[in-house]
Amino acid sequence: MKKVLKNVSFVILLLKMCFIFGQESATQKTIIIDVGHGGKDTGAIGINGIQEKDVVMRVAKEILRLNELAEKPLDIYLTRYGDTLITLSDRTKLAKALEADLFVSLHCNHANNSEARGIEVYVSKVTSQYARNAIWLAFGWQAMFKEKLGFESRGVKFGNFQVLRETVDQCPSLLLEMGFLSNLDEHAYLSSNRNAKAIAQVILLTIMKY
């Protein structure tokens, strides 16, 4: 896996993208980052007991921090800000209440085969007016994770997850599986706070381009 992106140069690039995005948009964009699992729902448990709910929380907080550095920040909300259990319905209701322009659900993968690796991006199997934009962003993430972080791509997939199903008519919605906690290399990568920053940078920059 490649080294973490050079923080200074990447943040400068990110801020430039934010400025361009702000110039081209008449209104601030509202983004919902759905931080998967939480509370008694740990999500996947990987090597050495690493928990999915903690990994996605670290990445989500880094997304918020980087966005705050931007000259033209996005209007980003998390579905949870701490270790609490939020129902799937309440997560999607937030997107509808805030009239979100984008809904992104963050997760980590797990498999019985410890050799399984790479990222997966899911969009809803139900067709809507937002399907094309969701698919475009999904392929953008596949490319950015591979180019900037060295993750293998497992492809863009169509799913029937509740959070996608209930937001498909509201805005482009995606579910991002950020590597396998059951894979030795990816577990080590996802366990690092420094790497959480790199993942957040890739996610946010791709949203800016979108």
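The figures follow:
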quantity: First in segment 64-84 and free of Cβ contacts under 8 Å to residues at least 60 places away in the same chain, second anywhere and assigned to a loop (DSSP other than H, G, I, E, B) and of a type in the set (V, I, T), Cβ under 8 Å, 6 or more apart; calculated: T79/I86; R80/I86
quantity: Test: residue in segment 43-65 that is surrounded by fewer than 13 Cβ atoms within 10 Å (Cβ to Cβ), at pLDDT 95 or above and either within 19 Å of Q201 (Cα to Cα) or within 19 Å of the chain's Cα centre (by Cα) (or both); calculated: yes
quantity: Members of segment 115-130 found to be surrounded by 13 or more Cβ atoms within 10 Å (Cβ to Cβ), over 15 Å from the mean Cα position of the chain (by Cα) and hydroxyl-bearing (S, T, Y), listed by number; calculated: S124, S128, Y130
quantity: Any pair with Cβ under 7 angstrom, 6 or more apart, that starts in segment 128-139 at a residue that is under 11 Å from Q170 (Cα atoms) and ends at one that is surrounded by fewer than 16 Cβ atoms within 10 Å (Cβ to Cβ) and at pLDDT 95 or above; calculated: S128/D169
quantity: Residue ID - surrounded by the most Cβ atoms within 10 Å (Cβ to Cβ), chosen from residues in segment 131-179 that are out of contact with any His (no Cβ under 6 Å at 6 or more places or on another chain), assigned to a strand (DSSP E or B) and not small (G, A, S); calculated: M178
quantity: Yes/no for D83 being assigned to a loop (DSSP other than H, G, I, E, B) and either on the phi > 0 side of the Ramachandran plot or among the acidic types (D, E) (or both); calculated: yes
quantity: Subset of segment 30-41 [within 16 Å of S105 (Cβ to Cβ) and either surrounded by fewer than 17 Cβ atoms within 10 Å (Cβ to Cβ) or at pLDDT below 95 (or both)]; calculated: D41
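Residue by residue, here is whether (1) touching a Pro at 6+ places or on another chain (Cβ under 7 Å); (2) hydroxyl-bearing (S, T, Y); (3) farther than 12 Å from L137 by Cβ; (4) in contact (Cβ under 8 Å) with a residue 60 or more places away in the chain holds:
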residue	(1), (2), (3), (4)
L149	no, no, yes, yes
G159	no, no, yes, no
V168	no, no, yes, no
P172	no, no, no, yes
G179	no, no, yes, yes
D185	no, no, yes, yes
R194	no, no, yes, yes
K197	no, no, yes, yes
Y210	no, yes, no, yes
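The values are calculated or read from the model by the stated rules, or taken from the named source; none is laboratory data. The structure displayed is predicted, hence computed values, not measured ones. Ideal geometry is used to build each Cβ from the backbone, glycine not excepted, and the neighbour counts take in all protein chains shown.
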